[in-house]
1. Over chain B, one equal point on each Cα, no solvent: what is log10 I(q)/I(0) by the Debye formula at q = 0.12, 0.13, 0.17 Å⁻¹?
2. Where in segment B:77-112 is the amide nitrogen less than 13 Å from a point lying 7 Å along the Cα-to-Cβ axis of B:LYS3?
3. Quick one: if the Förster radius is 22 Å, what FRET efficiency do A:SER66 and A:LYS17 give, using the C-beta to C-beta distance and rounding to 0.05?
4. Rule-of-thumb check for chain A: C-alpha Rg over 2.2 N^0.38 Å?
5. Any chance you could count the Lys pairs in chain B whose alpha carbons are under 19 Å apart, treating pairs 8 or more apart or on different chains as valid?
6. For the protein assembly as shown, go through all pairs of different Cα atoms, get the mean of 1/r, take its inverse, and jot down that Kirkwood value in Å.
7. For segment A:68-114 and segment B:1-48, what is the separation of their Cα centres, given in Å?
8. Let me confirm one metric for peptide A:49-57, namely the mean number of other chain beta-carbon atoms within 10 Å of its residues' beta-carbons.
Amino acid sequence: GAGVSQSPSNKVTEKGKDVELRCDPISGHTALYWYRQRLGQGLEFLIYFQGNSAPDKSGLPSDRFSAERTGESVSTLTIQRTQQEDSAVYLCASSRDRDTDTQYFGPGTRLTVL
Amino acid sequence: AQKITQTQPGMFVQEKEAVTLDCTYDTSDPSYGLFWYKQPSSGEMIFLIYQGSYDQQNATEGRYSLNFQKARKSANLVISASQLGDSAMYFCAISNDYKLSFGAGTTVTVRA
């Protein structure tokens, strides 16, 4: 079946603007995750959804970052008043359920803040 | 908290040879999962192989195998018969509950 999809694939914005990043998980996957990858580095956990609730938001770097999920479907990561340090690839993953189920990743959104 | 250490920033391997990528981890949890992902230059993260902490046998998946040494907290990835398409960044990750913690990655370059 279809994998995880993300849009846009690339986003260039000016400092101070708000951006929205979208993730469509694999159909039937109840768990959804957002990660951030800075250039040349590993992935940093941002937030986890089980259904449409977010039991763990501990990775969100500041209150400028927020995320929501509609049911067990689409999720949106919003970054308000973007800063240059927000430039990174934002990756979304989904898994059938939580625990140690394998997480399957989308292609990512490359965000560049000028 | 979990921590993953990948000490090899980059490796070169000759086509058709095997390569071992090192991964050590630190966790106090008795139950966890270990994952390896491949990230080619296109940026996507491709799942390769999984090892559960209670699994008695080492995981294998085609040309990928995991050398799991629980007492040493080591989960090395072995890629056999390397192909040019194996050139990529490889990440080791540990999962407890739901969150994945990633290592810094190892860049593998396969030479013809």
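Throughout, read-outs are computed from the coordinates displayed, never taken from laboratory work. Computed from a prediction, not measured in an experiment: that's the story for all the values here. As a convention, Cβ positions derive from the backbone with ideal geometry for all residues, glycine included, and neighbour counts pool all protein chains shown.
1. The Debye formula, applied to the Cα set alone, gives -0.38, -0.44, -0.75.
2. Answer for this model: B:103-104.
3. Computed FRET efficiency for A:SER66 and A:LYS17 comes out at 0.90.
4. Against the compact-globule rule of thumb, the ratio is 0.99.
5. Number of lysine pairs found: 7.
6. Answer for the protein assembly as shown: a Kirkwood hydrodynamic radius of 18.0 Å.
7. Each part reduced to its Cα centre gives a spacing of 21 Å.
8. 1
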